[in-house]
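Data first, discussion second: the structure below is written as structure tokens.
The values are calculated or read from the model by the stated rules, or taken from the named source; none is laboratory data. Predicted model only: the values in this text are computed from it and were never measured. No Cβ is skipped: glycine too gets one built from the backbone with ideal geometry, and neighbour counts run over all protein chains shown. In case anyone asks, the SASA skips ligands and DNA or RNA and just uses the protein heavy atoms, side chains included. Shrake-Rupley method; radii C 1.70, N 1.55, O 1.52, S 1.80 Å.
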Amino acid sequence: MMKTKIRLAFLAILVTLTTTMTAQDKFFTLEDLNFGGTNYGNMQPKNMWLTWWGDQLIQTDVEECYTIDAKTGKKTKLFTLEDINQWAESDDVKYVRHLMNATFPYPDQPIVQVGNRKAVILVDFKQKKIVWQDSIAGQTANDWNSVSKATAYVENHQLFVVDANEQKHQLSTDGSREIVYGQSVHRNEFGIEKGTFWSPNGQRLAFYRMDQSMVTDYPQVDIFPRSASYEPDKYPMAGMTSHKVTVGVYDLQADKTIYLKAGDPTDRYFTNIAWSPDSKTIYMFELNRGQNDCRLVSYDATTGEKLTELYRETSDKYVEPLHPIQFLPWDETKFIMQSQKNGYNHLYLFDKSGKELKQLTKGTWVVMDVLGFNKKQKAIIFKANKEHPLHHRLYSVSMTGDVKQLETVDGVHNGVLSPSGNFLIDRFSTPTRPRVIDVVDLTPKTPRHTNLLEADDPWTGYQQPIFECGSIKAADGVTDLYYRMVKPYNFNPAQKYPTVVYVYGGPHANNVQASWHWASRTWETYMAQKGYIVFILDNRGSQHRGRNFEQATFHQLGQVEMQDQMKGVDYLRSLPYVDMNRLGVHGWSFGGFMTISLMTNYPDVFKVGVAGGPVIDWKWYEVMYGERYMGTPENNPEGYAKTSLIAKAKNLKGKLQIITGYNDNTVVPQHCLSFLDACIKAGTQPDFFAYPGEEHNMRGHASVHLHERITQYFEDYLK
């Protein structure tokens, strides 16, 4: 018997060891790693869907909603999906399919907002019945107001408002592909994400009207019908005629629309629309086409008359307003404004006459987001990289400028504040912790944290690469630049490895931060698994490092960026395990531009490149972005000539694959095709691949195909 037990125990140990070894030998596929892959969801860290009902924290799962005690983390079931569908009792509503998007719009009422493709529903979960519903869900630009229960939406190019009594009001009659109502304008630049803006009392709607009839069509083609059809985009290129935007205001009670009397809209940008707390005044930032003269202007919402210019900021490069002003909830005579006029984006306190009262935050760091206000403490809650450029932390600042940190863990934090500002959902990760969710009680002097989730590593059991982070000096010899390096799981410093530089490098983005795996893209893991080192460096021109860092590239995109990237190459050259004879480069969009720039400016350094959706010449890029950084071809001819890659086509030596979405409406196909034409004339030989029907980024499972293609190109020519 004893021998049998020993034998069984030995077999159990053997099975365990075999299973463990097998598990540790698991390799990733792109179906695991790539967004759109069949197993991608299972490889993501565990998550929780949370929202606020006043100061009550709610967890919204697929089939249940729970209340969560912010002090203990204890969960109590509030209602289920089955409950909601039983209380609905309506064939018109059909059935709600999940509760993950449930919201609680009224802090003092037991009302949940749910919906489906046919309706938005308000359910009283105490009385167990529907108390209100509309039937226009699914229309374009749907914008529902919780105060008036009115909904603005676009249907067949026309802007409508349906009031709480289901009366339909048509605000436009001339809407078309050329006259666009109620949607984002200026190609989503300047922080613009939508085109309708309800007043605080829900009785007035500010909206954009964009006349783009004068803008040149770019000739996109739908190839999928038997006879391919013409589907042009309105695409204003740098230096060419741009659209004209005006701002209308609809009064729900008067059933009347007026337009703000802002003057001739030609070559002007209107952005960051905000309302006064009393719903009588509209504020917006106005920019000239050169984007170096920015003004905050107020208008009477009842007449459209201009009231006053409250603030003006100019620059010898550009001013870029990205955030509307925000009034203090405890003092309606004062508002905060964000500006990087002193070199870094910070918070400033103004009175409503436009007098600057105080700079609330200051230092060589950037305010990244305002989460809201703590009304009791009279404080602003915000996110910033105050401690370190790679760490995004959460803070409060009082009206005296006293800044207090609200959490204690290095990493990348994102917060969602309760309506009162007394509680905070803190979602964060660190380089070694995939996802952590805490709820923070801000009412004590020292904030109190309750942990709700510490996600396990979903990659346990796989051969994980080595993720490292460090810094080097920029080409100016002074500025610190941060890099990420991804090495194979079985890295041996005595070997030499083919290495790929992954690059973006452009404005409004950065690649390296102190989140899980140092914010590594999962494709880097796939490449490391195949025996490559991948190196990523955030050069000057990227975001969250201050005005001078970002504007170093002004009027010469790609030049300073290349200098910094080559400092990264110098660092790689110093590493004995990097095979400099097998150095590749890859990037998309601005990164595609950088890839071809590096391949053609340093043809003896990079052996292989893959450029996705690349800008080739900035004169073919759109007005708002292109002119902000490059001016126009007329006022900056030297800059456009220096940065154009057309003349560089003759320099190509290595293997270069260019990939584009056939219907890219961001970096239009003219870029790729013109470079191919230049290569034909120069006798150089790039490779080219297009994704029919795809735009700037490949969607769904096409993204898996894309990343396999990118990988295979390096496998074919770099190894």
### Task
Taking Val147 as meeting all but one of (1) among the hydrophobic types (A, V, I, L, M, F, W, C); (2) over 22 Å from Pro419 (Cα atoms); (3) open to solvent by 80 Å² or more (accessible area, probe 1.4 Å), write down the number of the exception.
(2)
### Query
If you go through region 286-302 one residue at a time, how many are small (Gly, Ala, Ser) and free of Cβ contacts under 8 Å to residues at least 60 places away in the same chain?
1
### Task
Please specify each residue of region 289-311 satisfying the condition of being closer than 29 Å to Asn201 by Cα, open to solvent by 20 Å² or more (accessible area, probe 1.4 Å), in a strand (DSSP E or B) and not aromatic (Phe, Trp, Tyr).
Arg295, Asp300, Lys306, Leu307, Thr308, Glu309
#### Entry: Residue count, region 656-675 (criterion: crowded, with 19+ Cβ neighbours inside 10 Å and more than 24 Å from the chain's Cα centre (by Cα))
6
### Query
In region 424-475, which residue that is free of Cβ contacts under 8 Å to residues at least 40 places away in the same chain and acidic (Asp, Glu) is nearest to Asn42 (Cα to Cα)?
Glu454
### Task
Could you tell me whether region 87-98 includes any residue that is closer than 17 Å to Glu63 by Cβ and modelled with pLDDT of 95 or more?
no
### Query
In this structure, is Ala678 outside any loop (DSSP other than H, G, I, E, B), without any contact (Cβ under 8 Å) to a residue 40 or more places away in the chain, open to solvent by less than 20 Å² (accessible area, probe 1.4 Å) and small (Gly, Ala, Ser)?
yes
### Query
Within region 419-432, can one find any residue that is at pLDDT 95 or above, touching an Asp or Glu at 6+ places or on another chain (Cβ under 9 Å), charged (D, E, K, R) and surrounded by 16 or more Cβ atoms within 10 Å (Cβ to Cβ)?
yes
#### Entry: Members of region 117-140 that are modelled with pLDDT under 90 and open to solvent by 40 Å² or more (accessible area, probe 1.4 Å)
Arg117, Lys118, Gln133, Ser135, Gly138, Gln139, Thr140
### Selected residue (criterion: surrounded by the most Cβ atoms within 10 Å (Cβ to Cβ)) from residues of region 64-82 that are closer than 23 Å to Lys129 by Cβ and modelled with pLDDT under 95
Leu81
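Every residue, every condition in (1) basic (Lys, Arg); (2) closer than 13 Å to Phe207 by Cα; (3) in a strand (DSSP E or B), yes or no:
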site	(1), (2), (3)
Gly248	no, yes, yes
Thr257	no, yes, yes
Lys261	yes, no, no
Asp264	no, no, no
Thr271	no, yes, yes
Pro277	no, no, no
Ile282	no, yes, yes
Leu287	no, no, yes
### Summary
The condition from (1) open to solvent by less than 20 Å² (accessible area, probe 1.4 Å); (2) touching a Phe, Trp or Tyr at 6+ places or on another chain (Cβ under 8 Å) that Lys234 misses is numbered (1)
### Task
Consider Glu638 carefully, then state whether it is over 21 Å from the mean Cα position of the chain (by Cα) and surrounded by fewer than 22 Cβ atoms within 10 Å (Cβ to Cβ).
yes
### Query
Which strands (runs of 3 or more DSSP E) does region 321-415 wholly contain that include 3 or more residues that are within 25 Å of the chain's Cα centre (by Cα) and either touching a residue at least 60 places away in the same chain (Cβ under 8 Å) or under 27 Å from Asp441 (Cα atoms) (or both)?
331-339, 346-351, 367-374, 379-388, 391-398
### Query
Which of the following residues is in contact (Cβ under 8 Å) with a residue 24 or more places away in the chain and open to solvent by 10 Å² or more (accessible area, probe 1.4 Å): Ser597, Ser589?
Ser589
### Task
Sort out which residues of region 309-320 are in contact (Cβ under 8 Å) with a residue 24 or more places away in the chain, over 12 Å from Phe285 (Cα atoms) and out of contact with any helix residue (DSSP H, G or I) (no Cβ under 6 Å at 6 or more places or on another chain), and write them in order of number.
Asp316
### Task
Answer yes or no as to whether Phe224 is assigned to a loop (DSSP other than H, G, I, E, B) and crowded, with 16+ Cβ neighbours inside 10 Å.
no
### Query
Which one of Val162, Val154, Val180 is over 30 Å from the mean Cα position of the chain (by Cα), open to solvent by less than 40 Å² (accessible area, probe 1.4 Å) and not basic (Lys, Arg)?
Val162
